[in-house]
1. Can you list the residues, at least 5 places off or on another chain, whose amide H is less than 5 Å from the amide H of Ala94, using H built in the peptide plane?
2. Taking amide hydrogens as modeled 1.01 Å from N in the peptide plane, which residues meet the under 5 Å criterion relative to Asp318, leaving out close sequence neighbours?
3. When a footprinting reagent is the concern and you count Cβ atoms within 10 Å, what order do Arg177, Arg290, Arg204 take, fewest first?
4. Between Glu170 and Ile49, what length in nm is gained on full extension when 0.36 nm per residue of separation is reduced by their alpha carbon distance?
5. Let me make sure I get this right: for the stretch 245-288, a, b and c are the square roots of the gyration tensor eigenvalues over alpha carbons, sorted descending. Under 1.5 in a/c it's rounded, otherwise prolate if a/b > b/c, else oblate. Which is it?
6. Using 1/(1 + (r/R0)^6) with R0 = 30 angstrom and r between the beta carbons of Cys205 and Lys266, what's the FRET efficiency to the nearest 0.05?
7. At R0 = 35 Å, how high is the FRET efficiency between Ala242 and Ser41 if r is their beta carbon distance? Nearest 0.05 is fine.
8. Taking a 25 Å limit on the Cα-Cα distance, which of the listed pairs Lys198/Lys266; Lys215/Lys299; Lys196/Lys299; Lys266/Lys299; Lys127/Lys299; Lys215/Lys266 fall beyond it?
Amino acid sequence: MPFEDKKNNNEIGIAVAFGRKPSRRRHRVAWMYYVEEMTQSAIADRLGITRISVGRMLSEAHAAHEVRISLSRDLAELTELEIGLHEKFAIPEAIVAPLSSARADPRPAIGAATGNYISDMLRPNMKIGLGWGQTLLRSLTFLPDRHVPGLSVVSLLGGITRAQRANPAEFVPQFARFFLADCYLLAAPAFADSAKTKETLIERCGLSEIYEFSKSLDVVVVSVGNIGSNSTAKLLGNISEAELASLRAAGAVGDMLFNFFDIDGKLVDHSFNERTMSIPVETISAAPVRVFVSGGLDKLEAMIGAFKLFRPTVLITDEFTARALLEDTPSKETAASR
């Protein structure tokens, strides 16, 4: 059956100038190209059409300035999965972004859903704390430029000492610029060289004010890292392979703001957790709205542990991760009671 003839309520929403509706196939082509960042050849192979057809559809939309990609909750809600996540992990709200296949990189799709959610929920005089990472960085493409009066944005984690082309630590200041917000940064490395240095930086270098300010946050938005060789901490050079091995030996399955935890949501006994320059997990877990953004089959254990550690009120993930969480985790592995 041709793609455009299928009944599918999980399509992306596309706002179209002059009220002209693109076809379902064009919906999917636009999503794959602009959100999932697939090549035109890959899209053609996936949909069984020619590369010329893909290019023509994209060129026509671009030339006419008629297509703006955005997630529409009415169209993009995968209701059954969202309800399942809510019931199994006691998460009040789950948002599941559609994904073309289990092999696709979920970060662009999750980033799109995150950008849509955040832009809708921002209010004047709000205080929002933000983590950083590759998934959150992808959400910037889907944030509108608009002034939110009185908005304060706080970085929940120290920075990095080596800049890269795609620097996930740039997420917070870029986010603040989109909304003309006041931006508060933890002007310190992600890790101090000792627990004593961390204490000194907080108490004597002006960081204590940010730690105190973070106790009054209205919203926090964080992601999670796995404990494998492709973790953000490893890729950025913060942690060596040997150090990752020692963290795994201590029972770590993932990190949140470079705080390493086990499958039961407990911080592991490791020196890294004593040296992490981040707002404490107990502080961010006290915010009224706690948005948890993550996906990928390599992060399942990390996500399960994070549910218990962080107790999110909102989960944003992709459909294949959602299915795996519901199918592969026993019922007893639910979020900690509130």
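The numbers here are math on the coordinates, done by the rules we state, and not lab data. Keep in mind the model is a prediction, meaning the values are calculated, not measured. Please note: Cβ atoms are built from the backbone with ideal geometry, for glycine as well, and neighbour counts cover all protein chains shown.
1. Leu315
2. So Asp318 has HN proximity to Ala97, Gly296.
3. On the way: Arg177 13, Arg290 22, Arg204 9.
Exposure proxy ranking, most exposed first: Arg204, Arg177, Arg290.
4. Numbers: separation 121, 0.36 × 121 = 43.56 nm, distance 3.83 nm.
Full extension of this stretch gives 39.7 nm more.
5. Details: a/c = 2.74, a/b = 1.60, b/c = 1.72.
Since a/c reaches 1.5 but b/c is at least a/b, the shape of the stretch 245-288 is classed as oblate.
6. Numbers: r = 30 Å, r/R0 = 1.00.
Efficiency, rounded to the nearest 0.05: 0.50.
7. Working: r = 40 Å, r/R0 = 1.14.
Calculated transfer efficiency: 0.30.
8. Details: Lys198/Lys266 21 Å; Lys215/Lys299 28 Å; Lys196/Lys299 32 Å; Lys266/Lys299 17 Å; Lys127/Lys299 29 Å; Lys215/Lys266 21 Å.
Lys215/Lys299; Lys196/Lys299; Lys127/Lys299, as the Cα separations exceed 25 Å there.
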